[in-house]
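Since the structure comes first, as structure tokens, the remarks are kept for the end.
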Amino acid sequence: MTYALTFFMALVIAAIATPVSMKLAGRWGAIAYPGGRHVHTKPIPRLGGLAIYAAFWSAALITVLVAQVWDNSIWGLLIGSTIILLVGIWDDISEIRPWFKLFWQIVAASVLAFFGFAMDVTSFSFIGPLFGVINVGTFGLSAIGIILMLFWVVGLVNTVNISDGLDGLAAGICFMVTLLLFWFANRIGQLPAAHLTLALAGALLGFLFFNFPPARVFMGDSGSMFLGYIIGGISIMGLLKTATILGLVFPLLILGMPVTDLTFAIIRRKLRGQSMATADRGHLHHRLLDAGLTQRAAVLLMYGISACFGVAAVLWAKGQLIWALAILLVVFAFLIMILMRRTAMLGAFSRRHSK
């Protein structure tokens, strides 16, 4: 019963808070105007992250207390995610410099270290048979474990951020991510993580009522960075404590599409001699639009790709490694085809779904 309460409380709060965030966006000047790399054709408020934050933490804090599954590490997530939200709101209003934004992402991730978040030996015990036991936890909350945690959280913050390019895209992908992370957290008995993932799922579904194409509001950097931070933090808090490679691979697999997109973006910009923070129109969603797909068709296709990654993750968790790898090979081949600009095969799909 408390699981249902967590989900529906977050959904209802998000549905109420999102119109409020839209009014605040207009008042504070957090508006996304058309032009440049943007694909929308009219000004749209971009402060939806504030509604997601309010819905998530309202539902999460109430239900973990009601269910009596409070974990003190939740304080770290609350403080750090509040920092990342404020930086995102700042960026949504006045567009701060990328490297300055990265600095604050690291600061927010560093907060987690004070609440016991680290990738210690239990998270990486799978390398033992190859290299012997590397006990990075010998020194307590080791520097290596903290550095790995920082890379993980900041990496996921930017992975989700880079996927927020079309109406409903980042919210829909993260909705699937949170449902699958809930399944895995509940399966291994990580109840605090299970409640937190369900609260995030409910908040995202409530927000999607307003964000699915054609969107009336964007989540902005305040939303995308917050989502990446919470997903990264929850995975360390609950899933990476399983002492198997699966605890690391599972959240990474589910985010396979934006991770692949981010990897190609870094390679593409380096080959061109550009900064990694340089924006361009080479992302996966841009390729699909250039192939002739409508926004809605492109979003639905990318939902399907993310669902395939999710199926592969579940099969892996159930020990069906061969089937999981087969799905991953097919999906990666399809992604590479799109990212290498070979989009002719999408023509038929485009004609069927274009208006």
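In table form, for the structure just shown:
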read-out: Residues with amide H under 5 Å from that of ALA32, placed H, sequence gap 5 or more; value: ILE44, ARG46
read-out: Listed peptides 198-209, 101-112 by packing density, highest first (mean Cβ within 10 Å); value: 198-209, 101-112
read-out: Using θ = phi - 60° and Karplus 6.51 cos²θ - 1.76 cosθ + 1.60, couplings along the range 51-57 (whole Hz; Gly, Pro as x); value: 5, 4, 4, 4, 5, 4, 6
read-out: Paramagnetic label zone (point 7 Å from Cα along Cα-to-C-beta, TRP183; backbone N under 13 Å) in the range 308-323; value: 308-320
read-out: THR18, THR2 arranged by Cβ crowding within 10 Å, fewest neighbours leading; value: THR2, THR18
read-out: Order of THR263, THR6 - criterion: other Cβ atoms within 10 Å of each residue's Cβ, fewest first; value: THR263, THR6
read-out: Under the Karplus curve 6.51 cos²θ - 1.76 cosθ + 1.60, θ = phi - 60°, whole-Hz ³J(HN,Hα) for the range 315-329, x wherever Gly or Pro sits; value: 4, 4, 4, 8, x, 8, 5, 4, 5, 4, 5, 4, 4, 5, 4
read-out: Stokes-Einstein D for the range 162-229, Kirkwood Rh over Cα pairs, 37 °C, 0.692 mPa s (µm²/s); value: 269 µm²/s
read-out: Distance-filtered residues of the range 88-104 - backbone nitrogen under 14 Å, label point 7 angstrom along TYR33 Cα→Cβ; value: 93-95
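Any read-out appearing in this document is the output of simple, stated calculations on the displayed coordinates, not a laboratory observation. Quick caveat, the model's predicted, so the values are computed rather than measured. All Cβ positions, even for glycine, are placed from backbone atoms using ideal geometry, and neighbour counts span all protein chains on display.
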